[in-house]
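What follows is calculated from the coordinates using simple rules that are stated; it is not laboratory data. Computed from a prediction, not measured in an experiment: that's the story for all the values here. Cβ sites come from the backbone with ideal geometry, for glycine too, and all protein chains shown count toward neighbours.
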Ligand SMILES: [Zn+2]
């Protein structure tokens, strides 16, 4: 059997992977349905160009902070079935290890090792790329606009809220306020505004030193000063 090769984007429909799809131009845009609390809402917004794979086994390991240990290791193993260059929408603000360059390098090596020419395969080399890892979310919005992307489409068609209200973004969860900051710094006011939430909840965390993301903190402060 000829191995499937080409560019595969691990896609969630959130802002980062939505922008990456536009800029990186994958052959396969892959959504892995993990059946978490927010999967249904994510799936309802996917277009026909997205390939959906069902994978309910990780759901039971999701922690209250939404982290599933080893998530991206599992997802890259699934993505490798569809091609050999795999992109993950990791950003400068992501701190989990399965979104860093060390992870990308080691996992590329491991998957390429397993996929060496053998009795079952002609072999393929697998690369894992993190095209946005050097960028903050605000810089990603900027790149997207510079690449000819429609900022209002990125704002309205991407969705990553943890706690939607009547199907709409809440403005008061981590993905919501980070998205609001990213657009605000690019001169786009998205709704609902997260300004009050940031002043009330995030600002005290930054001031007491427990927020812990230096570059992003500067962006948050700049956004609420606008
Ligand atoms: Zn939200």
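Tabulated results
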item	result
Chain lengthening between residue 133 and residue 62 when straightened (0.36 nm per residue, less Cα-Cα)	23.2 nm
For 3, 40, order by how many other beta-carbon atoms lie within 10 Å, fewest first	40, 3
By average C-beta atoms within 10 angstrom, highest first, the peptides 157-164, 212-219	157-164, 212-219
Nearest-ten-degree value, helix 101-114 long axis tilted from longest Cα axis of the chain	20 degrees
Ascending count of other beta-carbon atoms within 10 Å, so fewest first, for 57, 130	57, 130
Using a Förster distance of 35 Å, the FRET efficiency for residue 162-residue 101 (Cβ separation, nearest 0.05)	0.85
Solution diffusion estimate, µm²/s, Stokes-Einstein, the range 161-225, Kirkwood Rh from C-alpha pairs, 25 °C, viscosity 0.890 mPa s	206 µm²/s
Helix 174-184 axis, angle to the chain major axis (alpha carbon atoms, nearest 10°)	70 degrees
Convex hull per residue volume in Å³, alpha carbons only, for the range 14-83	100 Å³
For the range 117-226, alpha-carbon Rg over 2.2 N^0.38 Å	1.36
Label point 7 Å beyond Cα of residue 211 along Cβ direction - residues of the range 118-145 with amide nitrogen under 17 Å	136-139
Alpha-carbon Rg with Dmax, taken over the range 52-160, Å	16.2, 50
Helix 15-24 axis, angle to the chain major axis (alpha carbon atoms, nearest 10°)	50 degrees
Estimated inter-spin distance, residue 70 and residue 25, nm [label 7 Å along Cα→Cβ]	3.7 nm
Cubic angstrom per residue, convex hull over Cα atoms of the chain	127 Å³
Distance-filtered residues of the range 148-181 - backbone nitrogen under 19 Å, label point 7 angstrom along residue 221 Cα→Cβ	178, 181
